[in-house]
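The structure under discussion appears below in the form of structure tokens.
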């Protein structure tokens with residue numbers, strides 16, 4: 001029985017490794033992505049309120065021209081754990097800059113009204129067809145969950161995968177999506193000599209295949225977005241801040257979740273100690 005079980009485990013492990021290797025080959029050339037020092041990294045990570053506010057500003061002035069964040073509501077920008085903008089400021093932003101569909105009137109006609117805190121943040125296009133028409137056939141993805149939809153491959157040899165996974169688990173590494181998006185935003189450049197790009201495509205050293213329909217959002221360079229808190233208006237800060245904002249948008253309860261996790265681990269540790277002491281006391285007379 002144990003021999004059959006061991007053989008099954010070996011076959012399963014082999015298939016897993018083959019799938020991992022095949023996926024890496026299918027992706028093409030391996031690209032190394034550096035891990036960044038995010039404030040929300042690790043078991044005790046937390047979001048920087050000022051950075052989230054700057055990131056939202058970068059999203060509004062740069063990214064929102066093509067990309068939506070339809071899973072995010074205006075009220076989320078006011079709630080604790082996020083950018084925590086003043087409620088009056090977000091009410092003014094929503095009411096003066098965004099229009100949303102109202103309920104049908106008595107004739108069935110749908111009119112538009114100013115947005116309120118309860119509304120989802122509208123995207124730049126009314127539908128996917130309009131988005132494709134405006135972007136040369138490409139469909140700009142919604143960014144609400146992008147920081148969770150992307151990740152980073154370890155690039156380690158297959159025999160190092162177990163200890164790499166254990167290291168990431170112990171470190172609480174969950175920032176693969178943030179690291180990838182940051183590297184992608186910083187990865188735009190001129191194509192290598194001799195490389196011919198497809199029509200409407202742009203070179204990016206991080207993107208698989210190195211051709212992406214998205215243009216460099218920070219091609220204008222430093223000074224594109226003016227920060228109000230004195231933070232240097234550099235491309236690197238733009239990328240870091242908007243990635244932090246997208247990471248929060250994808251996981252707005254991160255801080256609460258990590259606090260709860262630490263409390264649960266402390267509870268389990270105390271419980272284990274008490275059970276161990278109880279076991280020693282109960283069985284001490286037997287030994």
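Some points to look at:
- Which labelled figure in (1) 22.7; (2) 18.9; (3) 24.3 is Kirkwood radius over Cα pairs in Å, once derived from the coordinates: (1)
- Mean separation of Cα contacts under 8 Å (6+ apart) over length of the chain, as relative contact order %: 24
- Over the chain: helical MRE at 222 nm, DSSP H runs n ≥ 4 each giving -39500 (n - 2.57), nearest 500: -14500 deg cm²/dmol
- Over the stretch 168-213: Rg over Rh, Cα atoms, Kirkwood Rh: 1.16
- The order of 189, 144, going from fewest to most other C-beta atoms within 10 Å of their C-beta, is 189, 144.
- Efficiency of FRET from Cβ geometry, residue 167 and residue 259, R₀ 22 Å, rounded to 0.05: 0.40
- Based on alpha carbons, the Rg and Dmax found for the stretch 99-158 are 18.5, 66 Å.
- Whole-percent pair-distance distribution, where bins are 5 Å wide, for the alpha carbons of the stretch 157-287: 2, 8, 10, 11, 12, 12, 11, 9, 6, 4, 4, 3, 3, 2, 2, 1, 0
- Shape call, the stretch 89-213: gyration tensor on alpha carbons, a/c limit 1.5: oblate
- Global form of the stretch 24-139, assessed from the alpha-carbon gyration tensor, a/c cut-off 1.5: oblate
- Global form of the stretch 27-95, assessed from the alpha-carbon gyration tensor, a/c cut-off 1.5: oblate
- Dimensions of the stretch 64-104 along the principal axes, based on C-alpha atoms and rounded to the nearest Å, stand at 33, 22, 18, largest first.
Here, each number is a calculation from the coordinates, and none is a lab measurement. Since we're looking at a predicted model, the values are computed, not measured. Please note: Cβ atoms are built from the backbone with ideal geometry, for glycine as well, and neighbour counts cover all protein chains shown.
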